[in-house]
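Heads up: the structure comes next, in structure tokens.
The values are calculated or read from the model by the stated rules, or taken from the named source; none is laboratory data. Source: prediction; values computed, not measured. Neighbour counts run over all protein chains shown; Cβ positions are idealised from the backbone, glycine included. Please note that ligands, DNA and RNA were not included when accessible areas were found on the heavy atoms of the full protein model with its side chains. Shrake-Rupley method; radii C 1.70, N 1.55, O 1.52, S 1.80 Å.
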Amino acid sequence: MTMANKITLLRVILSPVFFLIFFLPTWFSVPPVLIIVLLVCIFAVIELSDLFDGKIARKYNEVSDLGKLLDPFSDSFSRLTYFFCFTVAGFMPSWLFLPVLYRDLVVGFIRQLMAREGLSMPARKSGKIKAWVYAITGIVGTLYYFTVLLDMSERVPYACVVTMYALFGITALTAIWTMLDYASVIASKNKS
């Protein structure tokens, strides 16, 4: 396995760890500061690995078919974990989480259809924009969770809470847009 693929796989490994640590205070008495430090470290590694795995693969000529499949899978795995945590914690509405979940299921299905025809789905510009939107929303949601852990969520300015919910909405809309963009690729292939 190439170094780039190992870095990508790290996102899959760390995602359930993020989930467990996120809910650790619910199950055990754990100092909030420890949870915050661990979540910051895990979140940073996940997001930085997404930023660098492709660059490393291209720089060291390690681009592979496995990497082309593993990268979007790892992205979905990690970001669905964040948004699921926010939804279960009660501050991301489930009706905004569902488009994100559905988008990843639909795009995964499209990738399978393409693979059956011996084609791989190249990364789309909309997918790269989605990655940035998801990452920013993940940062904001995680920061808000820190205020919950520290019993400070009631003191978060109203404008910040509205911004967080607006980002959840933008994330859901971005999910729908990218799903339609990827679906258009398969639709155009079926016409030809």
Exercise. Using +1 on the beta carbon of Lys and Arg, -1 on that of Asp and Glu, and nothing else charged, what's the dipole of the range 76-156 about the Cα centre, debye to 20?
Worked result: 440
Exercise. So which residue, out of Pro72, Pro16, Pro122, gets the largest mean-square fluctuation from a GNM of the chain using Cα contacts under 10 Å as springs?
Worked result: Pro122
Problem set entry | Euclidean distance of C-alpha centroids, the range 1-57 and the range 113-144, integer Å | 17
Seminar exercise, completed: Karplus-derived 3J(HN,Hα) from phi for the range 66-78 (6.51 cos²θ - 1.76 cosθ + 1.60, θ = phi - 60°), whole Hz, x at Gly and Pro, runs 4, x, 5, 8, 5, 4, x, 5, 5, 4, 4, 4, 6
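What ranking do 27-34, 165-172, 87-94, 56-63 get when scored by the average of other Cβ atoms within 10 Å per residue, highest first? Mind dumping the intermediate values first?
Numbers: 27-34: 10.4, 165-172: 18.4, 87-94: 15.8, 56-63: 13.6.
Order by mean packing, descending: 165-172, 87-94, 56-63, 27-34.
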Exercise. How far, in degrees from 0 to 90, does helix 94-116 lean away from the longest principal axis of the Cα atoms of the chain, to the nearest 10?
Worked result: 20
Exercise. How do the peptides 42-54, 140-152 rank, highest first, by the average count of neighbouring beta carbon atoms within 10 Å per residue?
Worked result: 42-54, 140-152
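Using a 1.4 Å probe, what is the accessible area per residue for the chain, in Å²? If you can, show how the numbers build up before the last one.
Values: 10710 Å² over 192 residues.
Using a 1.4 Å probe on heavy atoms only, each residue of the chain averages 56 Å².
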Exercise. Tell me, what % of the accessible area of the chain is carbon and sulfur with a 1.4 angstrom probe?
Worked result: 71
For this session: Please find, in a Gaussian network model of the chain (springs between Cα atoms separated by less than 10 Å), the residue of Arg79, Arg11, Arg111 whose mean-square fluctuation is greatest.
Result: Arg111
For this session: Taking the Cα centre of the chain as origin, work out the dipole magnitude from +1 charges on Lys and Arg Cβ and -1 charges on Asp and Glu Cβ, in debye rounded to 20.
Result: 620
Seminar exercise, completed: With 0.36 nm assigned to each residue of separation and the Cα-Cα distance removed, Ser188 to Leu66 gains 41.4 nm
For this session: With unit charges on the beta carbon (Lys/Arg positive, Asp/Glu negative), name the residue among Thr142, Ala159, Gly108 whose Cα is farthest towards the positive pole of the charge dipole of the chain.
Result: Gly108
